[in-house]
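The values are calculated or read from the model by the stated rules, or taken from the named source; none is laboratory data. Keep in mind that this is a model prediction, so the values were computed, not measured. Every residue, glycine among them, receives a Cβ derived from its backbone with ideal geometry; neighbour counts consider all protein chains shown. For accessibility, only protein heavy atoms count, side chains too; no ligands or nucleic acids. Shrake-Rupley method; radii C 1.70, N 1.55, O 1.52, S 1.80 Å.
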Amino acid sequence: MIRPNALLSRFVCIGCGSAHPMSRPLTECPACGALLEVCSDLQAFGLSGAGWRAVFDRRRGALLGASARPFEASGVWRYREHVLPDLPEDAIVSKPEGATRLYAPGELGKELGLARLHVKHEGENPTLSFKDRGMTAGVSWARLLGFGEVACASTGDTSAALASYAAEVPGMRAIVLVPDAKITGEQLSQALHYGATTLGLATDFDGCMRVVADLVATRPIYLLNSKNSVRIEGQKTIGFEAIHDLGWEVPDWIVVPVGNAGNLSAIGKGLHEWRELGVIERTPRLLGVQAEAADPFYQSFAGGFASRVTREAAPTAASAIRIGAPVSHPKAEREIKRFGGAVERVTEAELLDAFALANRHGLAICPNSAVALAGAAKARAGGLIGRDDLVVVIATAHALKFSGTALEYHRSTARLANPPRRIAATLDAVLEALGS
Ligand code: F0G
């Protein structure tokens, strides 16, 4: 690939349109305070849509030898020119991430009324969630800018990913602020094990977000929440890879769970760019789904986006999306409008049953992912999703980060509960337990 000489990317404010160099560690517009986004001149490469597809096909199919560098196997950096074209390859911190499987769970689809269901399992990333895609971009950029400290507020998965990527960079310290007792033990253990300075705050995620914003204003710490638009560039590749996995067939719908709304924004931004470059000929529709307990984005959508609703998020089994004031709301709203999208919400019973059902069919997805799955089924039942629509649900994390929820479900009287039984250590007891 011949690279243009000039720098290709800059930050552009989605509010006032001002532009800023990416050498500055900005996470909001210095002029008006709105969100920034990375704008890259990808036309400078002079490739057609077919030309880009050939480059990506070649990389995807390449056999890698022992001397290959990690990023060459990454499903993020496979699309590197479209992620951070100004990042030198030797600055990339990669595990590698992405290159997750796209499942076609036929029986599960039948039960949900989705004849052409696919599930992109982002729980197959190195820290078991999609956050690794944004974090490889964010931590690489932090290192390039020379930061020794990086921080985030988190419901558990961003903190695990940040801690893990920072652990690969000698001398880099990760600082994570999590709502005390509101993330799972598995998620907490990840941050601790990777050596992050882990602070449990007596508040919710939205409270942690406010404190971390104050923290990075007081000393030179690089903020790596999805408010940082460099992370969004890495997360765009979920949509890229899903379409690439489908042999370049564009699905009718891509369905994602929505918390802080970074992921929906990222997938939309990436696919919009691919459409502009001619990599794809049309765009899918986007469906964002929330839990009823934490549904501000749904409420905004239901009100025609006349106002930006925020609320206090109540407890939900989908604890990773227990967020009342989604930071990336303006970007996500734009993508929903741009893609003829919609927002759905589901009850605790609906998300828990979808969680159990997916796992029952062998797909180890988490309760937050199940929100998207349940939302897709609901949108199908309501007629928004058509009978033969090609649907890709993004499963955002692995079931094993949420084993407590699974055990609680199976010990309850819920519809699909499969309770463990304790019996005597005899053949007779086993035979009796098995029934005739
Ligand atoms: N699914 C999982 C498993 C998550 O961890 C998150 C967000 C989302 C979905 C929602 O993505 O925020 O981009 O809309 N988790 C963040 C965190 C907030 O701190 O780990 P989003």
If I ask for residues that are open to solvent by 10 Å² or more (accessible area, probe 1.4 Å) and part of a helix (DSSP H, G or I), which ones from segment 214-243 would you list? ASP214, LEU215, VAL216, ALA217, THR218
Selection status of SER140, within 15 Å of the ligand (Cβ to nearest atom), in contact with a helix residue (DSSP H, G or I) (Cβ under 9 Å, 6 or more places away or on another chain), outside any strand (DSSP E or B) and closer than 30 Å to LEU26 by Cβ: no
Might you let me know whether segment 149-165 holds any residue that is part of a strand (DSSP E or B), over 22 Å from LEU400 (Cα atoms), of a type in the set (Val, Ile, Thr) and in contact with a Ser or Thr (Cβ under 6 Å, 6 or more places away or on another chain)? no
Which numbered condition CYS32 misses (of (1) farther than 19 Å from SER140 by Cβ; (2) touching a residue at least 24 places away in the same chain (Cβ under 8 Å)): (2)
Got a sec? Which of ALA376, ALA395, ALA417 is farther than 30 Å from LEU271 by Cα, open to solvent by less than 40 Å² (accessible area, probe 1.4 Å) and either touching a residue at least 12 places away in the same chain (Cβ under 8 Å) or touching a Leu at 6+ places or on another chain (Cβ under 6 Å) (or both)? ALA417
Only one of (1) within 11 Å of the ligand (Cβ to nearest atom); (2) under 14 Å from VAL139 (Cα atoms) does not apply to ALA191, and that is (2)
For residues that are outside any loop (DSSP other than H, G, I, E, B) and under 19 Å from TRP77 (Cα atoms), scanning just segment 273-291, find the one that is least open to solvent (accessible area, probe 1.4 Å). TRP274
Out of ALA395, ALA406, ALA414, I need the residue that is closer than 14 Å to ASN359 by Cβ and in contact with a strand residue (DSSP E or B) (Cβ under 7 Å, 6 or more places away or on another chain). Which one? ALA395
Residue among GLY15, GLY46 that is on the phi > 0 side of the Ramachandran plot, at pLDDT 95 or above and open to solvent by 10 Å² or more (accessible area, probe 1.4 Å): GLY46
